[in-house]
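Below is one structure; the comments refer to it alone.
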Ligand SMILES: [Zn+2]
């Protein structure tokens, strides 16, 4: 007898094709059968008439790696229908940890808004991290990438230099170890020091290791504004010269003077594909970005890590130079009215969360760049920000592409526990926003295509072999939603709001959302790649 029999849903199998009204039977953690009027019995039967059934959504660009220690159920993601999160993105993440480097890694992670478990970083490699995170009772699956920033810190600290031959060999060996342990690929964050200190040759060399394993290279590229096309070309080089499959993270055209270049970016990637490089991208469906406030500070000031950054921010002799460069960075992202303070590390400045940089500067009777410096100093760089820097036309052009997966770039949060801190609504609204606003209301893309971009496409990019499609024998990660009702509710004023329309979610065969509410079941797993 099956465990669950879902009757009469409109089944979108995740491949992009039209739906089929069918029954889906689950047995344990697998899909046992898919078909019309299945003559089967189950412990539990669910009448799904009027609902769409799809593979559980795969968030190919997530930062839930460490937030799960505080919010293991990752409700803001689960309630969107997400069942698997690809973590370790943007070069930021939990492993590997070199001897004596846990402190430096911890500061780096805190600067990027990470929550660490009470005992801090107690692991050294992928397996140690997987074992520790597996003990929290995961509300969804995690598929970790090796973050290049952590890899570099493990070997070279936060030094602003090229690796010596021995350094590079050590990084290659650590990457190799993580891939053998089951990591899914490697990410870079080429705007974030120390990862940004890497030249292309370093990334190409690491790309060769990925290529040997058939693992994915994902990149927050070196520039998303004025240097967008050159940065895309650099990512493509890791494919042409390193042989790796390439995934461009959160594709966008940043800053008003680059608006309209989304199509050029798509054309560059299309040309690379025609040239034989396996390259694709992902995107979140918003016109604002979000990252650390310290991303406004030039790379040279980050050399040596957070402690050295704070010393430079406080040094009178560097003040003019830093102010000028920070002012230019604020301008490139749209000016002080376009920058909103999000997460703040301490209670001291918690009241600034949600205000714009222009408002903070007015409050402090200081120029915006001076307010950035003061806030970073007072919070030891632990400040997040939202930047209203993208155009609706570029967001739409990129979203319409069948080569661009949906990825939130957000963390798994809890509306009840996290509402004190402003955040980007993408952590709550990404997937229902695409299905409600862009599919149902704007008809920008079809429902089967949108679901493919959330399931079959990211599964293929990652190399999943038993998730991301509704197929007999595959893992029962499934979402049931009402296509007429699904929508996001989180916005920039009130981001901690769950969307509507997601009725049921099954994770490894277990009901984790029932009638729109989480069941509290924690059936998530750390997924490991079985490589060559
Ligand atoms: Zn990023």
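Every number here is computed from the coordinates shown, using simple stated rules; none is lab data. Since the structure is predicted, the reported quantities are computational estimates derived from the model, not experimental observations. All Cβ positions, even for glycine, are placed from backbone atoms using ideal geometry, and neighbour counts span all protein chains on display.
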Computed over the chain, the relative contact order (Cα-Cα under 8 Å, seq sep at least six) in percent reads 22
Taking Cα atoms only, helix 319-332 is inclined relative to the longest principal axis of the chain by an angle, in degrees rounded to 10, of 30
Neighbour-count ranking for 206, 168, 175 (other C-beta within 10 angstrom, fewest to most) reads 168, 175, 206
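Can you compute the FRET efficiency between residue 36 and residue 119 using 1/(1 + (r/R0)^6), with r the Cβ-Cβ distance and R0 = 60 Å? Round to the nearest 0.05. Kindly include the intermediate steps, with their values, before the conclusion.
On the way: r = 53 Å, r/R0 = 0.88.
Using R0 = 60 Å, I get an efficiency of 0.70.
Compute the length gained on full extension between residue 517 and residue 44: take 0.36 nm times their separation in residues and subtract their Cα-Cα distance, giving the result in nm to one decimal. Can you show the working numbers first?
Details: separation 473, 0.36 × 473 = 170.28 nm, distance 1.78 nm.
So the extension gain works out to 168.5 nm.
When 337, 13 are ordered from fewest to most other Cβ atoms inside 10 Å of their Cβ, what list results? Working shown, then result.
On the way: 337 13, 13 24.
Ordered by Cβ neighbours within 10 Å, fewest first: 337, 13.
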For region 121-205, the Cα-Cα pair-distance distribution in 5 Å bins from 0, as whole percents, is 3, 14, 24, 23, 17, 11, 5, 2, 0
In terms of the alpha carbon gyration tensor, root eigenvalues a ≥ b ≥ c, rounded if a/c is under 1.5 and otherwise prolate when a/b exceeds b/c or oblate, region 382-532 is rounded
What the Cα atoms of the chain span along the principal axes, largest first and in whole Å, is 79, 50, 48
Kirkwood calc, region 300-387, C-alpha pairs only, radius in angstrom 13.1
Under the rule rounded for a/c under 1.5, else prolate if a/b exceeds b/c, else oblate, using alpha carbon gyration tensor axes a ≥ b ≥ c, region 53-94 is classed as oblate
Over all viewing directions the Cα convex hull of region 446-505 casts an average projected area in nm² of 5.4
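Kirkwood Rh, Cα Rg: Rg to Rh for region 255-365?
On the way: Rg = 18.1 Å, Rh = 17.0 Å.
Rg divided by Rh gives 1.07.
Take peptides 271-280, 478-487 and line them up by average Cβ neighbours within 10 Å, highest first, as a rough protection proxy. Numbers along the way, then the final one.
Working: 271-280: 15.6, 478-487: 20.9.
Highest mean packing first, the order is 478-487, 271-280.
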Expressed in angstrom and rounded, the centroid-to-centroid distance over alpha carbons for region 405-443 and region 37-85 is 15
Taking 370-383, 400-413 and ranking on average Cβ neighbours within 10 Å, highest first, one gets 400-413, 370-383
For region 325-367, Rg(Cα) over 2.2 N^0.38 Å is 1.16
For region 182-232, one quarter of the surface area of the C-alpha convex hull, expressed in nm², comes to 3.7
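What relative contact order, as a whole-number percentage, does region 300-387 give when Cα pairs under 8 Å and 6 or more residues apart are counted? Provide the component values of the computation, followed by the final result.
Values: 106 pairs, mean separation 27.7, N = 88.
Averaging sequence separation for qualifying contacts and normalising by length gives 31 percent for region 300-387.
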Most exposed first, judged by fewest Cβ atoms within 10 angstrom, 312, 135 run 135, 312
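So for the chain: antiparallel DSSP bridges make up what percent, rounded to the nearest 5?
Working: 35 of 67 bridges.
That works out to approximately 50 percent antiparallel.
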Under Stokes-Einstein, region 19-115 at 20 °C and 1.002 mPa s, with its Kirkwood radius over C-alpha pairs, diffuses with a coefficient in µm²/s of 127
Taking a crude spin-label model, label points 7 Å out from Cα along the C-beta direction, the residue 350 to residue 278 distance in nm is 4.8
Under the 7 Å Cα-to-Cβ spin-label approximation, residue 364 and residue 212 lie apart by a distance in nanometres of 4.8
Whole-percent tail of the Cα-Cα distance distribution for region 315-471, cut at 24 Å, equals 50
For region 171-322, shape from the Cα gyration tensor axes a ≥ b ≥ c, cut at a/c of 1.5 then a/b versus b/c, turns out oblate
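Multiply the residue gap between residue 162 and residue 180 by 0.36 nm, knock off their C-alpha separation, and tell me the result in nm, one decimal place. Don't jump to the answer; show the numbers that get you there.
Numbers: separation 18, 0.36 × 18 = 6.48 nm, distance 2.61 nm.
Residue separation times 0.36 nm, minus the Cα-Cα distance, leaves 3.9 nm.
Show me 249-255, 438-444, 161-167, 126-132 ranked by packing, highest mean number of other Cβ atoms within 10 Å first. List each step's numbers first, then the result.
On the way: 249-255: 24.9, 438-444: 14.7, 161-167: 12.6, 126-132: 20.0.
Ranking, from highest mean packing down: 249-255, 126-132, 438-444, 161-167.
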Note to self: C-alpha centroids of region 114-190 and region 317-367 sit apart, in Å, by 31
